[in-house]
Amino acid sequence: MSSNVLKFMEEIMEDVTMECKLVKIVIPRPRPDGEPTPGVGKVYLDFEDVETSSRAQQGLNDRKYGSKFTVVVFYPENKFADRDYEG
């Protein structure tokens, strides 16, 4: 993984953990063998409650990291619980 990607991920992690009440963070990583990995390039966050997740969505959406902007959407809880990152 390039140093720019790692820096980008570190910045996101720092911002999110400082601003939000998180239960769990999932950042899918590329497989060493090069096979496709569902969810690579996305960050999945599990919050304590809906109010916190709504505030996080408002605060983190359209934030710039390097040359990229974040797009924050709600993900189905059942897919997250099943580790289904295809969506």
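General remarks:
- Rounded percent of accessible protein surface that carbon and sulfur make up, the range 25-87, 1.4 Å probe: 49 percent
- Annotation note: chymotrypsin sites (Phe, Trp or Tyr not before Pro) in the range 48-87 located in DSSP loop regions with a Cβ neighbour count of at most 14 within 10 Å are F74.
The values are calculated or read from the model by the stated rules, or taken from the named source; none is laboratory data. Predicted model only: the values in this text are computed from it and were never measured. Ideal geometry is used to build each Cβ from the backbone, glycine not excepted, and the neighbour counts take in all protein chains shown. Accessible surface is based on the protein model in full, side chains and every heavy atom, while ligands, DNA and RNA are left aside. Shrake-Rupley method; radii C 1.70, N 1.55, O 1.52, S 1.80 Å.
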